[in-house]
Amino acid sequence: LGKVETFQFQAEVTRLMDILIHSLYSNRDVFLRELISNANDAIDKIRFQALTDSSALVAGEDLHIKIKVDLSSRTITVEDSGVGMTKQDMINNLGTIAKSGTSAFLEQISKDLESGGGADTANLIGQFGVGFYSAFLVADKITVVSKNNNDPKQWRWSSKTNSGFTIKEDDSEPLGRGTKVILEVKEDAAEYLDIGLLEELIKRYSEFIVFPIYVYKEVPEVPEPEEPEEEEEGAVIDTGTGDESTNGEVDAETPEDEDVTDEEGAEQDDEEIISEEEDPTRKEGEEAPPKYDWSLVNDVKPLWTRDPSEISEEEYTSFFKSIAKTDEEPLTYIHFKAEGDVEFRGLLYIPKKPIRSLTHVEEKTRKDLVRLYVRRVLVTDTVEDGLLPAWLSMIVGIVDSDDLPINVSRETLQQSKSLTAIKKKLLRKALEAIKIMMDKEPYEPEKDDPRKPGSQFLDFWKVYGATLKMGLVQDVANRDRLAKIVRFKSSKTALRDPNDVITLEDYMLRAKEGQDYIYVHSGESLDAVKNSPFTEQLVDLGYEVIYLVDPVDEFLLQYYQEFQGTKLMAVAKDNFRLGSEDDEVIRTKAKRGRQSIKSLLTFMKETLGSDKVSSVRASMKLTRSACALSSEQFGYTARMETVMRAQAL
Ligand code: ADP
Ligand code: MG
């Protein structure tokens, strides 16, 4: 005992701390959310261990987060009864950043800071999770006392900003199991020494933590009951000091534990009243000293287990903000209970803007943002390969199942049949949420107007359209489902409004009699395709041409060739065909024309030579334009060649 070891922070940690202190100064509140989120994770971990090792938790054990302010020592203490840390854990977790991509993240954020991009920096940090080190925003010195259940010793980690840290065995009061983070509050952060403010912050940021969070504060004196047999417990709470504190106290004494504690071997919530300050013997007539006690701040019943009819929009919104760690409201959500092969509850949100980048979604390593719970115990916050397909990886949410084996490990989970069933249902529900946004107006053929989705769907499409189109390219299994959602610009929609879009289904509904193909034309912009010689005849004859003007459309054309049995036809390719009737008419005309320009064609072919053109032919496609460059049937379109050249493929 007593041997103090000194360590240096990993370079990245020092950099992260510098960045945090410079960019988050005006948003120092986040430190509390981060410490509570770590306490929450630690309790999740011990509960998870208890699933396979019943000795990890004692039945009925109290699992909680407690926050206390001490004015004389100017400290804030955040304590949890979570998994705790061994000495090695402390070295690994509180001295380095293990996350992959940290360096790249720091790189980007440093650049952002240099160019003065304040708002972006805050966003980036928000996505990354600022973590433990954010405590240095408000503290000069941090001490972490921790006891892991597999380690007989209790350890004390200590650090003053940037100066590295020390670890020694701790001989203070034993924790049993868990962690205590003690912040020595900076001179200029004294406002945080107010438990009322901390309570407000907990309510704002950590409302949906499913473990009880207590603050140690002054509670109104409960008068001695006049009658010896007081019947109703609540009746005495009538001191007129306002709802908040009185409710807090009542809750603290009767924590809502029915729903969180129903699994065997993992009983945890507070059965006992936690009361450190027994009412001291007080003399008659003396002024009552303020009574301090632990007071419950949050409602520990998980939102997703509640009946949707009893949840307000505000609750759904703030739950989203809390799990997605964002200030934005969600675009839409779907809350459901699945029954049948596998029972589970799900709550899925589509954010207005992606919570993290969608461009790096590679099938193999992808993780989605849907957390998986088994009977209210968090099993993992990111399922490898995703619970949802890559093109739905913008979805944030929660799945809670009673049917997965209780001793499920992250590895066996992947092979579980129930998980396969859950994935299938989740996909269906996610699509349902999209469909609800989509089905605002029915298609009316007589108006020759495709159905117009609500503005909510258009907002969705603007942000996620390209991701869904990539899905159409990559996810062969879900192609048919996706094909009903994806939208395109066309020769008809462009006439009305350049932002208007239609589905392929609507395209088919208003196709011309005898039309055997879906005509598509790709180009760099709406103007370029609108004025293209290839589309002029089609448009004149009353055909609708889909305009492929999104960068992803070109790939789509390579891999997606037909919709519900109707082939897509690129009008710039030389195997192009019109609908059967029109084809007859045009063919007869073209035959006559072809004879008259035969020698011109030969002349052009010879002059340009075979390295420039593979053939020069009379075309049936052109009406106003004299000539056009077209691609071979199996060759790349001109635009694809441009794209490939740009990427040096
Ligand atoms: P993150 O939570 O994203 O992993 P943090 O910087 O917040 O990053 O925390 C770093 C690590 O320190 C955690 O992953 C965890 O292993 C450990 N840790 C932090 N706080 C606690 C705690 N209260 N109990 C147990 N471990 C903790
Ligand atoms: Mg954390």
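Where a number appears in this text, it was derived from the coordinates with a stated rule and is not lab data. Since the model is a prediction, treat every value here as computed from it, not as a measurement. Counting neighbours? That spans all protein chains shown, and the Cβs are built from the backbone with ideal geometry, glycine included.
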Please count, across segment 467-514, the pairs of lysine residues with Cα atoms under 18 Å apart that sit 8 or more places apart or on different chains.
4
Cα-projected label distance for R594 with S163, points at 7 Å along beta-carbon direction, nm
9.0
Linear extension gain, V4 paired with L608, 0.36 nm per residue minus alpha-carbon span
209.1 nm
Can you sort R617, R510 by how many other beta carbons sit within 10 Å, fewest first?
R617, R510
Where Lys and Arg each count +1 and Asp and Glu each count -1, what net charge lies around A338 among other residues with Cβ under 13 Å from its Cβ?
0
Can you give the local net charge around A189? Use residues other than it whose beta-carbon is closer than 12 angstrom to its beta-carbon, Lys and Arg +1, Asp and Glu -1.
-4
Which length gain, in nm to one decimal place, applies between K111 and L601 when the Cα-Cα distance is subtracted from 0.36 nm times their residue separation?
170.6 nm
Specify whether the C-alpha gyration tensor of segment 287-354 places it in the rounded, prolate or oblate class, a ≥ b ≥ c being the square roots of the eigenvalues: rounded for a/c under 1.5, otherwise prolate if a/b is larger than b/c and oblate if not.
oblate
Based on Cβ point charges of +1 for Lys and Arg and -1 for Asp and Glu, what charge dipole magnitude is obtained for segment 478-596 about its Cα centre, in debye rounded to the nearest 20?
280
Please arrange S416, S26, S401 by how many other C-beta atoms lie within 10 Å of their C-beta, fewest to most.
S26, S416, S401
Assertion target for H64, H335, ordered by fewest C-beta neighbours within 10 angstrom first, is H335, H64
